[in-house]
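Here is the structure we will look at.
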Amino acid sequence: MTTHFDVLIIGAGAAGLYAAIFAGRRGRRVLVVDHADKAGKKILISGGGRCNFTNLHADPKRFISKNPHFAISALKRHSQHDFIALVDRHGIPWHEKKLGQLFCDRSAQDIVAMLLDECADAGVALRLECKVQAVGRGEPGGFTLSTSHGTFTGDSLVLATGGLSIPKMGATGFALDVARQFGLPIVEPRPALVPFTFRPDDLARTKDLSGIALDGTVRCDGVGFREALLITHRGLSGPSVLQISSYWREGMPVTVDLSPDQPLADTLKALKRSRPRAELKTVLAELLPRRFAERLFEAPVLGEAPLVSRPLADMRDADLATVAARLHGWTVQPEGTEGYRTAEVMLGGIDTAALSSKTMETKAVPGLYAVGEAVDVTGWLGGYNFQWAWSSGYAAGMAA
Ligand code: FDA
């Protein structure tokens, strides 16, 4: 038996549920299908279980896309403030952690419950553990979904199956496959917001320092992020590293300024005057995590050769400036990333050139929409990716 809906949505994640709410509120008969046993699984694990659901500074400049202007319209039409208003209407307590990042006080479950309540209010039908076997065009128009729950037809079809990150959780390239089926262009996907891995020789010098957090500005390809970085047993992680991974490409060096707030040459020269007998190693261990500072004298962690420790009084100002320059520009050459296994998001996706920025409808296939992470719009770390899911979901939900 075939059941007809006005709007079919594949993917009961952030963007799919949000699109469903607004299409349902417009009186459209909506069906959301998902192969998972629960809706919003990524929301539940996000933000360490507290869901960093948006960011107060969700400005289009904090999103990466082949077309940097594409996200402007959707982010403006349904902004972080609109989402916060919905969260407030549901009485969900939240707080700003840092840098405009808003988290639930209690649990990410609050956000999923809110989305499901809104879907129920809007009369949205939800089918979980529903495998989509084929997507086709209907007769005379519209779309057909052949699924493990039967065949459904719809006037509109919204692709909301997210990206490739964390395949263990059921992430698939389904939206990309359907996009290819309909001849839509794709921006090569790659893992982003992901830790770096080191080559074995580099790793040999840093592995036992894993767990050490450093403060610094991490730069690559003309972009820099100032937040913590973390040495891991595979390479580097931490918020600034995850952020820069979205801009990194194979073979590019990454530099880390380990003293982003103060010119280290000035500090070392001042210490030379106030504590001339102090050893370089001693003062660096006061300025940096001790074990990391000690390693700089044992192995070539910063550049070619290990540093040599001498009393500051025995070092020329030029020598101190050289040490400072190395610490301001620690250059690391990642071998790669941890890949989709741990990446928070997928960069790339359905090329925005194929979509209306106002409605997320594909230009070539009327009635076909794409939203959320499946689209080539990727936010920074810090609640931006959920905001894109809400904004793009709203845009499609108001049009489909
Ligand atoms: P999402 O992945 O949410 O939903 C896709 C849905 O489609 C899923 O329910 C899936 O089961 C379903 N699906 C996939 N393939 C299918 C198929 N073939 N058939 C049927 N259904 C299918 N972002 C942020 O802003 N703040 C944060 O705190 C975090 N934290 C975070 C932690 C971790 C560990 C990860 C992996 C990611 C984050 N993110 C994040 C990113 C954020 O989770 C992500 O960008 C959004 O969930 C994207 O929303 P979508 O709805 O596009 O995809």
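Of the strands (runs of 3 or more DSSP E) lying entirely inside the range 181-242, those containing at least 3 residues that are open to solvent by 20 Å² or more (accessible area, probe 1.4 Å) span 186-192, 213-220, 223-231. Residues that are closer than 20 Å to residue 207 by Cβ and open to solvent by 70 Å² or more (accessible area, probe 1.4 Å) within the range 274-303 comprise 290, 291, 298, listed in sequence order. Looking only at the range 335-360, residues that are away from the ligand (no atom under 16 Å from the Cβ) and more than 16 Å from residue 178 (Cβ to Cβ) come to 7 in all. Determine whether residue 249 is open to solvent by 20 Å² or more (accessible area, probe 1.4 Å), free of Cβ contacts under 8 Å to residues at least 40 places away in the same chain, within 20 Å of the chain's Cα centre (by Cα) and under 23 Å from residue 290 (Cβ atoms). Judged against the criteria, residue 249 is not a match.
For the range 361-386, filtered to residues that are assigned to a loop (DSSP other than H, G, I, E, B), within 21 Å of residue 136 (Cβ to Cβ) and open to solvent by less than 30 Å² (accessible area, probe 1.4 Å), the residue that is nearest to the ligand (Cβ to nearest atom) is 371.
Scanning the range 85-101 for residues that are surrounded by 10 or more Cβ atoms within 10 Å (Cβ to Cβ) and part of a loop (DSSP other than H, G, I, E, B) yields 90, 92, 93, 97, 99, 100. If you go through the range 243-280 and keep only what is closer than 30 Å to residue 189 by Cα and assigned to a loop (DSSP other than H, G, I, E, B), you end up with 246, 247, 248, 249, 250, 251, 252, 253.
Going through (1) more than 9 Å from the ligand (Cβ to nearest atom); (2) under 14 Å from the mean Cα position of the chain (by Cα); (3) under 23 Å from residue 56 (Cα atoms) one by one, residue 394 falls short only on (2). Within the range 26-65, if we keep just the residues that are of a type in the set (Ser, Thr, Tyr) and either outside any loop (DSSP other than H, G, I, E, B) or over 16 Å from the mean Cα position of the chain (by Cα) (or both), the residue that is nearest to the ligand (Cβ to nearest atom) turns out to be 46. Scanning the range 1-10 for residues that are within 14 Å of the ligand (Cβ to nearest atom), part of a helix (DSSP H, G or I) and not acidic (Asp, Glu) turns up nothing. In the condition set (1) away from the ligand (no atom under 14 Å from the Cβ); (2) crowded, with 17+ Cβ neighbours inside 10 Å; (3) touching a residue at least 40 places away in the same chain (Cβ under 8 Å); (4) outside any loop (DSSP other than H, G, I, E, B), residue 82 is compliant with all but (2). Residue selection: residue 313 fails the criterion of being without any contact (Cβ under 8 Å) to a residue 60 or more places away in the chain, in a loop (DSSP other than H, G, I, E, B) and open to solvent by 10 Å² or more (accessible area, probe 1.4 Å). If you go through the range 254-277 and keep only what is touching a strand residue (DSSP E or B) at 6+ places or on another chain (Cβ under 7 Å) and without any contact (Cβ under 8 Å) to a residue 40 or more places away in the chain, you end up with 276, 277. Is it the case, given these coordinates, that residue 56 is surrounded by fewer than 23 Cβ atoms within 10 Å (Cβ to Cβ), touching a Lys or Arg at 6+ places or on another chain (Cβ under 9 Å) and not assigned by TED's automatic domain parsing to the domain that holds residue 239? Considered against the rule, which asks whether it is surrounded by fewer than 23 Cβ atoms within 10 Å (Cβ to Cβ), touching a Lys or Arg at 6+ places or on another chain (Cβ under 9 Å) and not assigned by TED's automatic domain parsing to the domain that holds residue 239, residue 56 comes out as no. Only a single criterion out of (1) in contact with a Ser or Thr (Cβ under 8 Å, 6 or more places away or on another chain); (2) within 12 Å of the ligand (Cβ to nearest atom) is not satisfied by residue 75, namely (2).
In the range 127-137 there is no residue that is assigned to a helix (DSSP H, G or I), modelled with pLDDT of 95 or more and open to solvent by less than 40 Å² (accessible area, probe 1.4 Å).
The values are calculated or read from the model by the stated rules, or taken from the named source; none is laboratory data. What you see is a predicted model, and the numbers here were worked out from it, not measured in a lab. Note that we place each Cβ from the backbone using ideal geometry, even for glycine, and neighbour counts take in every protein chain shown. The area values use the complete protein model at the heavy-atom level, side chains included, leaving out ligands, DNA and RNA. Shrake-Rupley method; radii C 1.70, N 1.55, O 1.52, S 1.80 Å.
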